[in-house]
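The values are calculated or read from the model by the stated rules, or taken from the named source; none is laboratory data. On a predicted model such as this, the values are computed, not experimentally measured, just so you know. No Cβ is skipped: glycine too gets one built from the backbone with ideal geometry, and neighbour counts run over all protein chains shown. SASA here: full protein model, heavy atoms, side chains in, ligands and nucleic acids out. Shrake-Rupley method; radii C 1.70, N 1.55, O 1.52, S 1.80 Å.
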Amino acid sequence: MGTSVQGRPIRLLALGHGPRKVLLIGGIHGDETEGAYTISELPGAFAEARLGDAVTLSVVEDANPDGRAAGTRENANRVDVNRNFPASNFDPADPSSGHAPLSQPESRVVRDLIEGLNPALVIALHSWTGRQFVNFDGPAGALAERFAASSGLPVEESTAFAPTPGSLGSYAGRDRGTPVLTIEVLKGSNPKAVWDRIRVALLEIIAG
Ligand SMILES: [Zn+2]
């Protein structure tokens, strides 16, 4: 798909061939690796659930490989990739936003995918200290409720948080009108336990 600031590949995995297009993105924050096991297990579960005729699932396994290698939230330029999207609320005054939208190769890869695929749903995997929940932007309220009912993670409105200028949810969800679900699992939790907790809910929202 592309490469990071330091030249690491950003890989895209495509599963199935159905008309419903779903994009799942892992690793935007390099120090939030709890979802990595989920991403490694998803292809097998997707096949087992026989979703391939209904869904084309595109998976960015790790959108910020430099951050993961360094154990940092930001990329190698110390930019928060999740503040570097071309959203109307982009904040050029904050250095961690990257000065201009799409100044970073990692955010460009994700933007290009969204514009190219025009997915019916974007799912981003993150982790949060002390709490877990699902958050949504754009017309994803019903999907968030379904995810919550199956996983037990409560729904949090985006407006309940500090503003997230230039985030994926701001750009794709609020501005572009693409449903975006942000799954925040408990930071530091066992990655296999995360998968066990969200597996059924994740497959349900992927199926639509
Ligand atoms: Zn995060």
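When the helix-only estimate is applied to the chain (DSSP H runs of n ≥ 4, each -39,500 (n - 2.57), divided by the residue count), what is the mean residue ellipticity at 222 nm, nearest 500 deg cm²/dmol? Taking each H run of at least 4 residues, the total per residue is -9000 deg cm²/dmol. Accessible surface area normalised per residue over region 2-207 is 42 Å², counting heavy atoms of protein chains with a 1.4 Å rolling probe.
Among the protein heavy atoms of the chain, carbon and sulfur supply 51% of the accessible surface, probe 1.4 Å, non-protein parts ignored. Extension gain for the segment ALA69 to TYR37, taken as residue separation times 0.36 nm less the Cα-Cα distance, is 9.9 nm to one decimal. Here region 2-207 is assigned +1 on the Cβ of each Lys and Arg and -1 on the Cβ of each Asp and Glu. Its dipole about the Cα centre then comes out at about 220 debye.
In the chain, taking the dipole from charged Cβ atoms about the Cα centre, the farthest positive-side position among ALA120, GLY138, VAL155 is held by ALA120. Axis of helix 36-48 versus longest Cα principal axis of the chain: the two differ by about 30°, to the nearest ten degrees. The phi-based Karplus calculation (6.51 cos²θ - 1.76 cosθ + 1.60; θ = phi - 60°) puts the 3J(HN,Hα) values of region 83-100 at 10, 10, 7, x, 8, 5, 9, 3, 10, x, 7, 8, x, 6, 7, x, 6, 9 Hz, whole numbers, x for Gly and Pro.
Summing Cβ point charges (Lys, Arg +1; Asp, Glu -1) relative to the Cα centre of region 1-69 gives a dipole of roughly 320 debye. Rounded is the label for region 2-207, because a/c, from the alpha-carbon gyration tensor with a ≥ b ≥ c as root eigenvalues, stays below 1.5.
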